[in-house]
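What follows is calculated from the coordinates using simple rules that are stated; it is not laboratory data. Model, not experiment: these values are computed from the prediction. Cβ placement follows ideal geometry from the backbone for every residue including glycine, while neighbour counts extend to all protein chains displayed.
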């Protein structure tokens, strides 16, 4: 089976599980949650978690609740990020954003619900024996990387920093948190569940940081090139700030670093290799 | 030592731990989190968790991270609830509400941060051996009761139901979720950590539901009587909807039920008895 086919199967498993998780009842709040989550998206973070888990010997069954938890957290952040007091985005994935479709109050509660549900899903994961300790560890890591010192910290920088404060170093820090943190903890999750050793954890985190940076820079390149889609123009954008050539250059470098990290640590995973390399493709429209 | 003195000591332990948790750095986001959390509040939920834990033999050290997690969750819900798209409350605990002091975007992120931090704090709790399973169980319960079928579900009812839909039965369901869920899971948390059996868990949940209902009804009675404080007038209020006499009557009944539940299950705890009974006091201004 080709690597694309294997990733397609993993994505299907994620979609099915998200569908199951979000089908508990037919209330308005669940409809809003389903609207926000089940409307496309490449499921990049769950695929990273599953591929990393596989690389370290964790079963798909074991990783799946955490892969879905990560995707729920990612989607809550998009719903809240789109709100008028934040980015004020009217559309998301080609449809009206959650608050446009359901109202601001319900969108706020939808984001809160997705974040809370993520932890419910993860804490329900049934791991027996030794891996039980890994469950607490993974939840701790995910809450840390999703929190003040990770993703939310990055959003906070996004909201508070003025353009003149955005040197390339500061901007790296910003996107490493805003986008990189959840991507990094996605691969770290699979590694912890698979029982990776310290040096392997260090390597996979290094890989995650590099593709996290690359992911956001690619996103910015596509955004800046996309004449039709103006939605992110008001946000600091790598390509606009530092120029398209530098952006492309950095993108290539970060992917190179990600791939050599895998190689140096002897982590053999066609999937992790593929998931990094596809960020070099600037033809496809970005997916969240 | 009197029961008041013992509760005062527990509250002090909670304040110290919250202070420690929120002193990780001096960033704007942490300042906003400290502003929201360390500005008064009776710490009713942490006191319930600690007292219930004590009743079932869990040490204060074991329960404290979860007690603080519950308080962080409670405070995130207040910050988001005060936002303009929700209750649009300008003040909270006698000071400008979080979004009035820091802006809407930062208040949104502050709430998100407090919720995420709650799970980080709880997942960091170090329990050894058997209680390790209890940690996952407690996190699962707390995320469940704080989520769509609990607290957020109640907020959703608050936002979407029209006054004519609010029969007393529906309103009980609403406040059982909005206020009762977090109070119930607070006592359940202590019981689980202490290794309570099934019938004891049932009893403590029954106690929690009763004081949860009583807590909100008392709040509504005080709100409706308070001429100066108009902030909740637009929200459905038990006393305004069903009359002050009925409200007082229900308050007494729910406290009676809570106390007889303790007695019937032979749960001897001066603290739990006291924390229920003090809700009968309609002289003191409410505390959150």
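Roughly what percent of Cα-Cα pairs across region A:46-127 reach past 19 Å?
The calculated P(r) of region A:46-127 puts 45 percent of pairs beyond 19 Å.
Residue by residue through B:145-158, how many Cβ atoms from other chains fall within 10 Å of the Cβ on average?
Per residue, the average neighbour count from other chains is 6.
In 20 Å bins starting at 0, how do the alpha-carbon pair distances of the protein assembly as shown split up by percent?
Per 20 Å bin, starting at 0, the Cα pair percentages come out as 21, 54, 23, 3.
Using a label point 7 Å beyond Cα on the Cα-Cβ vector, give me the inter-copy distances for residue B:4 in nanometres, one decimal, shortest first.
Here the equivalent label points are 7.5 nm apart from this one.
Rg/Rh for region B:75-225: what does it come to with C-alpha atoms and Rh from Kirkwood?
With Rg and the Kirkwood Rh in hand, the quotient comes to 1.01.
How many nanometers, to one decimal and shortest first, lie between the label point of residue A:133 and those of its other copies, if labels sit 7 Å from Cα toward Cβ?
1.7
On the first, second and third principal axes, largest extent first, how far apart are the outermost C-alpha atoms of region B:3-280 in Å?
Reported extents, whole Å, longest axis first: 50, 48, 34.
Expected output is a single nm value to one decimal: the length gained when fully extending between residue B:281 and residue B:88, i.e. 0.36 nm times separation in residues minus the C-alpha distance. What is it?
That pair, residue B:281 and residue B:88, stretches by 66.6 nm at full extension.
Calculate the spin-label point distance for residue B:252 paired with residue A:8, positioning each point 7 Å from the Cα along the beta-carbon direction, and give it in nanometres.
Spacing of the two 7 Å Cα→Cβ label points: 7.1 nm.
Can you pull the one-decimal nm distance between simple spin-label points at residue B:270 and residue A:266, each 7 Å off the Cα toward Cβ?
6.5
Kindly give Rg over Rh for region B:45-86, based on alpha-carbon atoms, with the Kirkwood expression for the hydrodynamic radius.
Numbers: Rg = 13.3 Å, Rh = 11.1 Å.
Here the Rg-to-Rh quotient is 1.20.
Grab the beta carbon distance between residue B:160 and residue B:100, set R0 = 35 Å, and tell me the FRET efficiency rounded to 0.05. Don't skip to the end; give the middle numbers.
Details: r = 25 Å, r/R0 = 0.73.
Efficiency at R0 = 35 Å is approximately 0.85.
Per residue of A:75-85, what is the mean number of Cβ atoms on other protein chains within 10 angstrom of that residue's Cβ?
Averaged over the peptide's residues, the number is 3.
Regarding region B:110-175, what are the three Cα extents along the principal axes, ordered largest first, in Å?
Each principal axis gives a Cα extent; for region B:110-175 these are 52, 28, 12 Å.
Checking the a/c ratio against 1.5 first, then a/b against b/c, what shape does the Cα gyration tensor give for region B:166-280?
Working: a/c = 2.26, a/b = 2.02, b/c = 1.12.
Prolate.
Could you please state, rounded to a whole Å, how far the C-alpha centre of region B:263-277 is from the C-alpha centre of region A:80-108?
So the separation of the two Cα centres works out to 46 Å.
Place the label 7 angstrom along Cα→C-beta at residue B:60 and in each other copy, then list the distances from the first to the rest in nm, shortest first.
Those separations, rounded to one decimal, come out as 5.1 nm.
Give the calculated FRET efficiency between residue A:20 and residue B:170 to the nearest 0.05, with a Förster radius of 41 Å applied to their Cβ-Cβ distance. If you can, show how the numbers build up before the last one.
Numbers: r = 29 Å, r/R0 = 0.71.
Rounded to the nearest 0.05, the efficiency is 0.90.
Within 10 Å of each Cβ in A:102-109, how many Cβ atoms from other chains are there, averaged over the peptide?
Neighbouring Cβ atoms belonging to other protein chains average 6 per residue here.
Among A:217-224, A:199-206, what's the highest-first ranking by average C-beta atoms within 10 angstrom per residue?
A:217-224, A:199-206
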